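**Q** This is the structure, below, for whatever I ask next.
The values are calculated or read from the model by the stated rules, or taken from the named source; none is laboratory data. Only a predicted model underlies this, so the values are computations on that prediction, with no experimental measurement involved. Every residue, glycine as well, gets a Cβ built from its backbone with ideal geometry; the counts of neighbours run over all protein chains shown. Note: accessible area is taken over every heavy atom of the protein model, side chains too, but ligands, DNA and RNA are not part of it. Shrake-Rupley method; radii C 1.70, N 1.55, O 1.52, S 1.80 Å.
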Amino acid sequence: MVEEARGTEDVEQRVAALLERMSLEEKIGQMSLVNAGDSYIHDDLAEGLRAGRVGGVLNEVDAGTVNELQRIAVQESRLGIPLLIGRDVIHGFKTVMPIPLGQAATWNPDLVMQGARVAACEAASHGVNWTFAPMIDVCRDPRWGRIAECLGEDPHLTSVLGVAMLRGFQGPDLGRPDAIAACAKHFAGYGAVESGRDYAAANVPENELRNVHLRPFRAAADAGVATLMTSFSEVDGVPATANERLVRRILKDEWAFGGFVVSDWDSVRQLCIHGLTADDRESSREAVTAGVDMEMHGDAYTVHLPQLVRSGEIDERLVDDAVRRILRLKFQLGLFERPYADPADSHPIASEASLATARQAALQSVVLLTNEHRVLPLSRESLRSLAVIGPLADAADEQLGTWVFDGDAGLSVTPLQAIRELAAGRFEVHYLRAMETSRSRDTSAFGEAVALAGQCDATVLFLGEEAILSGEAHCRADISLPGAQAQLVARVREAGKPVVAVILAGRPLTLTDIVDRVDAVLYAWHPGTMGGPAITDLLFGIKSPSGKLPVSFPRMVGQIPIYYSHKNTGKPPTPDSVVHIDDIDPKAQQLSLGMTAFHLDAGYTPLFAFGHGLSYTSFEYTGIRVSSEQIRLGQSFHVHAELRNTGAVAADEVVQLYVRDLVGNVTRPVRELKGFRRVHLDPGQQVVVDFELHTDDLAFYGRDMRLMVEPGEFQAWIGGSSETGLCCAFRVLPPV
Ligand code: BGC
């Protein structure tokens, strides 16, 4: 503790001493993040480095080139300040983990942390010292392509997993050679862009912003995330990059965030395109005033800040504060002592341990959505022939998903490869791609697919979306299976044999048209390098599925946003208040159709609820209890239940705790996730799953935007999904 304090003091002294020696231009240089890449150092960049006009470089990952960049900065600039080297290492570097949304389906913070550790070690050995992750935007709109990058719809799940991920990147000590600084993004409200269309406006009232979207950022800030990135979109009329209320007042003043804030790619100059400012000069003034410490790709700061400061329009103390934050991180990373990537520290790429982590993450991320006829698991013993059909069965690059600039598809093991390996000497595997891409409309191979399915004992269809259909700016208005895939399902069904669909996708798809046409659905997201073996283990029951949905699956697009922790409304729907459009009596009057909050054509429930996920075993929850039915405000308490594996196989279950605050100063969601735990149970085994809560965990922002816990009545549920019915009640009493 004492040493840590001394270390901090030491860093602060070094920052202050260096800042003292810096010219205004050199300070502003630190606030500039410049794009590079292709293992090439452009003359302008080299010149900028020598002149101290660059604080960081992004997108160069060749270790030799990175070292040369650092050498120029350290040896040829007046002050010798080393560079931050940033890169989007989002879900792996060479070894690719499942997309973040898939990782969220593991509900396993330790595993998420290990995955980020693997990524950090591989990236650091290439000279990268800063990643633009974790992405912790809460997203309730699967049309948005960037839902692939986030950790789901829930603030608690996102907070816990986001913190795990940033800890994985940053390691126990930022000063270690294998640690990289994390960047929580995109601050804030980006997950709520209108109609799920990237970069669109986000209109989120402050109360919702604080109770939902800001919570993971607060958690990340409290956990010591090194940096934050502002979002591209506007929130309540002010683009995030110029949003003083968000960045300076809430993040820096209210939360006392000590790291620095970087803009998104060129988002300072984009303030002008948004129509907030008239020119780049005004944009840089707005962004610095708002508290954006570093400009990513763009020269608004470099060109205009010197003059803005000299004219007194910007107080130099704002610049000093920004530079202090940036230098602090460089000292914390140990860059002044160790600016170069050292081959001696190099972490082996795609080591056996890293691949094992990727496999485990993929395994736990896959969600068994349906298994009505219990066709899964397939039997290795009795199966004689298997048809493997579909455009994503053997697509080494597609299974990696979005944001894999450095991912090596050569390392991928595809489902087809893994199934063939397992089948060798046991049963026959017949493969037909049937569609060129997931988007193909050409059905000419479908006849062959039906014939193949007819000849084999069972068929596994590998369907979904190619990687390019999700990610930044890759949004969809129709999120059903693209191309002719639904037709392929219908045709293969004609063969009359068991059909399993494995879906690889970057978002929840609307599966209403196909769920009843197949015997089982395994949802595998984009599972990364080791997706093939993981899926194969699940198909054949070597392991039992244990992923749970981190986001609700709509029946149809028109239901969006649909999420479990919605408000009750004054007219909540019930099963008997719902009328379907096809059942409306021709004589019905305006006031006779239920009059509750539902859609005539879609009801009010999702196709699959948040937290849903089946297993090859069955679990029974009983005996939910709260340690005391009367809890004094300011105290801790326990909620627990018994969980028993009542089936025949060993499996993991993700136990979930939900709470409802029945009466609030502002209305509270019908349920909120407050805790979760992955437990492993052998057949017949029973455990008590206990969650400790503090009344602080019940806090929310009220009408005056202050955090509060109100005495009153609460309900708690424990179970295997957000739909669980096992409930108990408790009361929070005012303090004595
Ligand atoms: C994205 C960021 C990303 C940055 C750098 C932007 O387009 O919005 O998430 O970190 O590019 O590549």
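**Q** Sort the stretch 8-113 into rounded, prolate or oblate with this rule: let a ≥ b ≥ c be the square roots of the eigenvalues of the Cα gyration tensor; rounded if a/c is under 1.5, and if a/c is not under 1.5, prolate when a/b is larger than b/c, oblate otherwise.
**A** Verdict is oblate for the stretch 8-113.
**Q** Let me ask something else. Got the relative contact order for the stretch 485-585 handy, in percent, Cα pairs under 8 Å and 6 or more residues apart? Don't jump to the answer; show the numbers that get you there.
**A** Working: 72 pairs, mean separation 23.3, N = 101.
So the answer I get is 23 percent.
**Q** Report the label-to-label distance for ASP38 and GLN417 in nanometres (one decimal), using points 7 Å from each Cα along the Cα→Cβ vector.
**A** Between ASP38 and GLN417, the label points sit 3.1 nm apart.
**Q** Shifting gears a bit: Keeping all protein chains in position, work out how much accessible area ILE584 exposes to a 1.4 Å probe, and write it in Å² to the nearest 10.
**A** Result for ILE584: roughly 60 Å² accessible.
**Q** I've got another one for you. Could you work out the Kirkwood radius for the stretch 610-736, taking every pair of different alpha carbons, averaging 1/r and inverting it, reported in Å? Let's see the in-between values first.
**A** Working: mean 1/r = 0.0651 Å⁻¹.
Final number for the Kirkwood radius of the stretch 610-736 is 15.4 Å.
**Q** Next question, about the same structure. Can you work out the Karplus-derived ³J(HN,Hα) for every residue in the stretch 361-373? Use 6.51 cos²θ - 1.76 cosθ + 1.60 with θ = phi - 60°, whole Hz, and x for glycine or proline.
**A** Per residue, the Karplus-derived 3J(HN,Hα) values read 5, 4, 4, 7, 8, 6, 10, 7, 7, 9, 7, 3, 9 Hz.
**Q** Mind listing the long-range amide H neighbours of ASP137? Cut-off is under 5 Å, sequence gap 5 or more, other chains count too, H placed in the peptide plane at 1.01 Å from N.
**A** Residues meeting the criterion, in which the H sits 1.01 Å from N, are LEU151, HIS186.
**Q** Relative to the present Cα-Cα distance, how much length would full extension add between GLN630 and SER592 at 0.36 nm per residue of separation?
**A** On the way: separation 38, 0.36 × 38 = 13.68 nm, distance 4.25 nm.
Length gained between GLN630 and SER592: 9.4 nm.
**Q** Enumerate the amide H contacts of PHE691 below 5 Å, restricted to partners 5 or more residues apart or on another chain; note that Pro and chain-start residues carry no placed amide H.
**A** Result for PHE691 returns VAL639, HIS640.
**Q** At what distance in nm do the modelled label points of ASP478 and ASN59 sit from each other, each positioned 7 Å from its Cα along Cα→Cβ?
**A** 3.3 nm
**Q** With a 1.4 Å probe and every protein chain left in place, tell me how much accessible area CYS121 has, in Å² to the nearest 10.
**A** 10 Å²
**Q** Whose amide H sits under 5 Å from the amide H of VAL404, counting only residues 5 or more places off or on another chain, with H placed in the peptide plane?
**A** So VAL404 has HN proximity to no qualifying residue.
**Q** Not counting the cut sites, what is the longest span of the chain without chymotrypsin sites (Phe, Trp or Tyr not before Pro) that DSSP labels loop and that have at most 15 other Cβ atoms within 10 Å? Could the numbers behind the result be given before it?
**A** Values: sites that count: TRP255, PHE336, PHE405.
My reading of the result: 406-736 is the longest stretch.
**Q** Right, something else. Report the trypsin sites (Lys or Arg not before Pro) located in the stretch 549-621 that are in a DSSP loop and have at most 10 other Cβ atoms inside 10 Å of their Cβ, or state none.
**A** Working: sites: ARG555, LYS567, LYS587; in loops: ARG555, LYS567, LYS587.
Answer in residue order: LYS587.
**Q** Would you mind getting the accessible area per residue of the chain, heavy atoms of the protein chains only, 1.4 Å probe, in Å²?
**A** On the way: 27460 Å² over 736 residues.
Normalised by residue count, the accessible surface of the chain is 37 Å².
**Q** Still on this structure, please answer the following. When the helices in the chain are scored as -39500 (n - 2.57) per DSSP H run of 4 or longer and the sum is shared across all residues, what 222 nm value do you end up with, to the nearest 500 deg cm²/dmol? Don't skip to the answer; put the middle values down first.
**A** Values: 18 runs with 193 residues, N = 736.
-8000 deg cm²/dmol, from helical runs alone.
**Q** Which pairs in the list LYS185/LYS543; LYS94/LYS548; LYS94/LYS497 are over 29 Å apart, alpha-carbon to alpha-carbon? If you can, show how the numbers build up before the last one.
**A** Numbers: LYS185/LYS543 34 Å; LYS94/LYS548 26 Å; LYS94/LYS497 39 Å.
Pairs exceeding the cut-off: LYS185/LYS543; LYS94/LYS497.
**Q** Working with all protein chains in place, sort ASP38, ASP10 by solvent-accessible area computed with a 1.4 Å probe, largest first.
**A** Correct descending sequence by accessible area is ASP38, ASP10.
**Q** Something else now. Below 8 Å, C-alpha to C-alpha, sequence gap of six or more: please give me the relative contact order for the stretch 34-112 in percent.
**A** Details: 87 pairs, mean separation 21.3, N = 79.
Relative contact order, the stretch 34-112: 27 percent.
**Q** Modelled label-to-label distance, GLU194 and THR667, 7 Å Cα→beta-carbon offset: nm?
**A** Calculated label separation equals 2.3 nm.
**Q** Give, in nm to one decimal, the length gained when the segment between ASP516 and ASP321 is fully stretched (0.36 nm per residue of separation minus the Cα-Cα distance). Numbers along the way, then the final one.
**A** On the way: separation 195, 0.36 × 195 = 70.20 nm, distance 5.90 nm.
Once the chain is fully extended between ASP516 and ASP321, it gains 64.3 nm.
**Q** Assign one of three labels to the stretch 586-672, namely rounded, prolate or oblate, based on the Cα gyration tensor with a ≥ b ≥ c the square roots of its eigenvalues; rounded applies when a/c is under 1.5, prolate when it is not and a/b is larger than b/c, and oblate otherwise. All intermediate terms of the calculation are to be shown ahead of the outcome.
**A** Values: a/c = 3.17, a/b = 1.32, b/c = 2.40.
Here the stretch 586-672 falls in the oblate category.
**Q** To the nearest 0.05, how large is the calculated FRET efficiency for ALA409 and GLU244 if R₀ is 51 Å and r is the Cβ-Cβ distance?
**A** Values: r = 44 Å, r/R0 = 0.85.
E between ALA409 and GLU244, to the nearest 0.05, is 0.70.
**Q** Given a cut-off of under 8 Å on Cα pairs at least six residues apart, what relative contact order in percent is computed for the chain? Display every interim value, and only then the final one.
**A** Working: 1846 pairs, mean separation 95.8, N = 736.
Relative contact order here is 13 percent.
**Q** Here's something else I'd like to know. Does the stretch 496-551 come out rounded, prolate or oblate by the C-alpha gyration tensor, with a ≥ b ≥ c the root eigenvalues, rounded set by a/c under 1.5 and, if not, prolate when a/b is larger than b/c and oblate if not? Walk me through the intermediate numbers first.
**A** Working: a/c = 1.84, a/b = 1.14, b/c = 1.61.
Oblate is the answer for the stretch 496-551, as a/c is 1.5 or above yet b/c matches or exceeds a/b.
**Q** On full extension of the chain, what length is gained from ASP222 through ARG71, given 0.36 nm per residue of separation minus the C-alpha to C-alpha distance? Numbers along the way, then the final one.
**A** Details: separation 151, 0.36 × 151 = 54.36 nm, distance 3.42 nm.
Contour length minus the Cα-Cα distance gives 50.9 nm.
**Q** Follow-up question, since we're still on this one. Taking θ = phi - 60°, what integer Hz values does the Karplus form 6.51 cos²θ - 1.76 cosθ + 1.60 yield along the stretch 459-470, in sequence order, with x for Gly and Pro?
**A** 10, 10, 9, 9, 10, x, 10, 5, 4, 5, 8, 9
**Q** Hey, another quick one. So how do LEU151, LEU591 rank on accessible area, 1.4 Å probe, biggest first, that is with the largest at the start? Mind dumping the intermediate values first?
**A** Working: LEU151 0, LEU591 130 Å².
Correct descending sequence by accessible area is LEU591, LEU151.
**Q** Binning every alpha carbon pair distance of the stretch 466-591 at 5 Å from zero, what are the percents per bin?
**A** 2, 7, 14, 17, 18, 15, 12, 7, 5, 2, 1, 0
**Q** For the stretch 248-376, give the percent of accessible area contributed by carbon and sulfur heavy atoms, probe 1.4 Å, rounded to a whole number.
**A** Ligands and nucleic acids excluded, carbon and sulfur reach 48 percent.
**Q** May I ask you to derive the FRET efficiency for GLN715 and VAL11 from their Cβ-Cβ distance with R0 = 60 Å, giving the value to the nearest 0.05?
**A** My answer for the efficiency is 0.80.
**Q** Report ³J(HN,Hα) in whole Hz for each residue of the stretch 260-269, in order, from the Karplus equation J = 6.51 cos²θ - 1.76 cosθ + 1.60 where θ = phi - 60°; Gly and Pro get x.
**A** Listing the rounded values in order: 10, 10, 10, 6, 7, 3, 6, 6, 6, 5 Hz.
**Q** How do ARG281, ARG249 rank by accessible surface area computed with a 1.4 Å probe, from largest to smallest? Each step should come with its number before you reach the end.
**A** Details: ARG281 70, ARG249 130 Å².
Ranked list, largest accessible area first: ARG249, ARG281.
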